[in-house]
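*Asks:* Next up is a structure, given as structure tokens.
The values are calculated or read from the model by the stated rules, or taken from the named source; none is laboratory data. Predicted, not measured: the structure shown is a model, and the values here were computed from it. Ideal geometry is used to build each Cβ from the backbone, glycine not excepted, and the neighbour counts take in all protein chains shown. These area figures cover heavy atoms from the full protein model, side chains too; ligands, DNA and RNA do not enter into them. Shrake-Rupley method; radii C 1.70, N 1.55, O 1.52, S 1.80 Å.
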Amino acid sequence: MDLAPGWQLQVDTSPEWLFFRLQAVSDDRAPEPPLAEAIQRKSAETGIRRVIFELGEGTMLQSFVAGQLVLLVKWAYLNGGAFRICSFSEDNYYVIRLMHLTDRFPNYSNREAAVMGWLP
């Protein structure tokens, strides 16, 4: 699904989880894609409150997107769900470290590890 100019959000579903992959598809892209809103909307449509989030290959974690992740983890907590990240590159996870959010966002190695809660 197109998220905003220059951004795509791929969505995969299972009976209990939603999987999202954010991909920057253009150098000329919106600075603040409505990520949290799009994920919450899809969750409402499906009734699934458990979310795994990944960044597409070559997509760098920007501060606005990191802020959206914080909103989503709070939203999941308040709605009895779960929000986890997986497969972040070292460079992208460094942003999480700089923000002192590693306790909220362990970087699971892949989707299976994230679903099962197997800590890295």
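*Asks:* Report the calculated FRET efficiency for Ala44 and Leu119 (r = Cβ-Cβ distance, R0 = 22 Å), to the nearest 0.05.
*Replies:* 0.15
*Asks:* Report the extension gain between Ser89 and Ala4 in nm, rounded to one decimal, defined as 0.36 nm multiplied by the number of residues separating them, less their alpha carbon distance.
*Replies:* Length gained, Ser89 through Ala4: 28.3 nm.
*Asks:* Now, a different point. Using a 1.4 Å probe on the protein chains only, how many percent of the accessible area of the chain belongs to carbon and sulfur?
*Replies:* That share works out to 49 percent.
*Asks:* Another question, then. Just report the Cα centroid separation between the stretch 87-114 and the stretch 8-83, whole Å.
*Replies:* Cα centroid to Cα centroid, the span is 14 Å.
*Asks:* Tell me, what is the per residue accessible area of the stretch 1-65 in Å², probe radius 1.4 Å?
*Replies:* 53 Å²
*Asks:* Further question on the same structure: When the chain is fully extended, how far beyond the present Cα-Cα distance does Val25 get from Leu98, taking 0.36 nm per residue of separation?
*Replies:* 23.7 nm
*Asks:* Treating the Cα atoms of the stretch 1-44 as identical point scatterers in vacuum, please give the log10 of the normalised Debye intensity I(q)/I(0) at q = 0.19, 0.29 Å⁻¹, two decimals.
*Replies:* Each listed q corresponds, in turn, to -0.56, -1.05.
*Asks:* Residues of the stretch 67-98 with the amide nitrogen closer than 17 Å to a label point 7 Å from the Cα of Glu32, along Cα-to-Cβ, please.
*Replies:* 67-72
*Asks:* Also, I was wondering about something else. Short version: what are the Cα gyration tensor semi-axes of the chain, square root of 5 times each eigenvalue, largest first, in whole Å?
*Replies:* Square roots of five times the eigenvalues give 20, 18, 13 Å.
*Asks:* So how much slack lies between Ser14 and Glu112, counting 0.36 nm per residue of separation and subtracting their Cα-Cα distance, in nm?
*Replies:* 34.1 nm
*Asks:* Quick check of the Kirkwood formula: for the stretch 14-85, what is the inverse mean of 1/r over all pairs of different Cα atoms, in Å?
*Replies:* This gives a value of 12.7 Å.
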